[in-house]
Amino acid sequence: MEILAPAGSKESFVSAINAGADSIYLGLKDFNARKNAENFSFYDLEVLANYAHFKNTKVYLAINILIKHSEINDVVALIAKIQNIVDAVIIQDLGLAKIIAEYFPNLRMHASTQLACHNSLGAQFLAEIGFKRVVLARELTFSEIKSITKACKNIEYEIFVHGALCFSLSGMCLFS
């Protein structure tokens, strides 16, 4: 089991480490679902990731939005810069996942809850295209989660136990 904490500020990042989190996820100024949050600069990411790794804490970067055609070059350039800084990226866009799997094969991918994976076939598909972990849809019941994890064992699972705006349907935060 891994305790994964969100960080929306430098203070919450350090607090999560001090509280014993095994890993922390965060977003940069662009390409994440919490665009209106404070988020982090690239420099912040470098410094904080070094600190986290010194404290044996993993860092996951959320790139959990759909990437527009006009943004693809910028997001690929970002992936090239962060590939040796973070321990994984949390992805929603399947096109971006294909690019990462093909051109950045050592970068670990986690499927965002924004992908709304809600069955074992979805989990199996994500494993087959290179994801190492799937954050299951938030609306699943405990018995559904047990069924999915029993049926598909070749991917790690993460269960979301909190959320700011997403309290109803995964991937439809503002709608819910």
* Any strands (runs of 3 or more DSSP E) falling wholly within segment 1-72 and containing at least 3 residues that are open to solvent by 10 Å² or more (accessible area, probe 1.4 Å) -> 4-6
* To do: Taking the residues in segment 100-146 that are aromatic (Phe, Trp, Tyr) and at pLDDT 95 or above as candidates, determine which candidate is surrounded by the fewest Cβ atoms within 10 Å (Cβ to Cβ).
  => Tyr103
* Unique match (being among the β-branched types (Val, Ile, Thr) and under 17 Å from Ala111 (Cβ atoms)) among Ile63, Ile82, Ile72 -> Ile63
* Asked: Is there a residue being within 23 Å of Met1 (Cα to Cα), β-branched (Val, Ile, Thr) and outside any loop (DSSP other than H, G, I, E, B) anywhere in segment 81-90?
  -> yes
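The values are calculated or read from the model by the stated rules, or taken from the named source; none is laboratory data. Note that the coordinates shown come from a computational prediction; the quantities given were computed from them, not determined experimentally. We place every Cβ from the backbone using ideal geometry, glycine too, and count neighbours over all the protein chains shown. We work out accessible area using only protein heavy atoms, side chains counted, and drop any ligands, DNA or RNA first. Shrake-Rupley method; radii C 1.70, N 1.55, O 1.52, S 1.80 Å.
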